[in-house]
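Working notes, beginning with the structure itself.
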Amino acid sequence: MGGTSGIIYNVFCKAAYAQLKADGSSVITPVQWANALEAAIAAVSKYGGARAGYRTLLDALIPASLVLKERLVAGDDPADAFILSSEAALAGAESTKHMQAQGQGRFWWGWGGDLTVVGEGVGVVVAAAKVGRGGVTGASLLGGGSVGACALRNLRAGRSTYVSGDILATVPDPGAMAAAAWYRAAALAVKDKYQAS
């Protein structure tokens, strides 16, 4: 994973957690998990600027979320719904092979008081050490209330924008493939646990 992937997954996990916590149940239902996934995707899109078709991890997670919700609403067994949604995640990730990367490259980071602090409902502050032509060469994630000297602005999605189109046309986006892989692993673990009980 690159430097921004960790930050993106931090936003993802914190948004999912916030949604689960907001539901206030001691027992979390499959629909609540689906809602948490949807909230996490929305947060990544909001703070990262990407959406479906941008050749990012969202191209795996958005179809997974849609299929998961669809199958749960249809009354499918939750474990089966999760497995089917993991197949949608892989198909979405594979489809990035045919997508043009969007944006201007990696996130643009900067210092100064005019920057928008990331943290609205997520509790994340990002500090960038050095910005080079290829992106951030050093960054750190600060938790909670440490709103200090820096943050993100002018976020541009699609970290593959600095890679030649010839190369992009031959491989799916690595971030999307990684998201599909962990999502599939989670789906299989849920199915194994569900069948064991």
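The values are calculated or read from the model by the stated rules, or taken from the named source; none is laboratory data. All figures in this text were calculated on a predicted structure; none of them were measured in a lab. As a convention, Cβ positions derive from the backbone with ideal geometry for all residues, glycine included, and neighbour counts pool all protein chains shown. Each accessible area value is taken on the protein alone, full model and side chains, heavy atoms only, with ligands, DNA and RNA left out. Shrake-Rupley method; radii C 1.70, N 1.55, O 1.52, S 1.80 Å.
The table below lists the values:
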{"read-out": "Verdict on residue 95 being under 16 Å from the mean Cα position of the chain (by Cα) and either in a helix (DSSP H, G or I) or farther than 17 Å from residue 191 by Cα (or both)", "value": "no"}
{"read-out": "Matching residues in the range 30-64 - criterion: being closer than 24 Å to residue 190 by Cα and of a type in the set (S, T, N, Q)", "value": "32, 35"}
{"read-out": "Residue that is modelled with pLDDT under 95 and open to solvent by 60 Å² or more (accessible area, probe 1.4 Å), where the choices are 55, 71, 51", "value": "51"}
{"read-out": "The lone exception for residue 82 - which of (1) at positive phi; (2) at pLDDT 95 or above it fails", "value": "(1)"}
{"read-out": "Single residue of 50, 34, 18 found to be closer than 24 Å to residue 83 by Cα and small (Gly, Ala, Ser)", "value": "34"}
{"read-out": "Residue that is farthest from the chain's Cα centre (by Cα) [pool: residues in the range 27-36 that are hydrophobic (A, V, I, L, M, F, W, C) and open to solvent by 20 Å² or more (accessible area, probe 1.4 Å)]", "value": "27"}
{"read-out": "Test for residue 87: is it open to solvent by 60 Å² or more (accessible area, probe 1.4 Å) and in contact with a Ser or Thr (Cβ under 7 Å, 6 or more places away or on another chain)", "value": "no"}
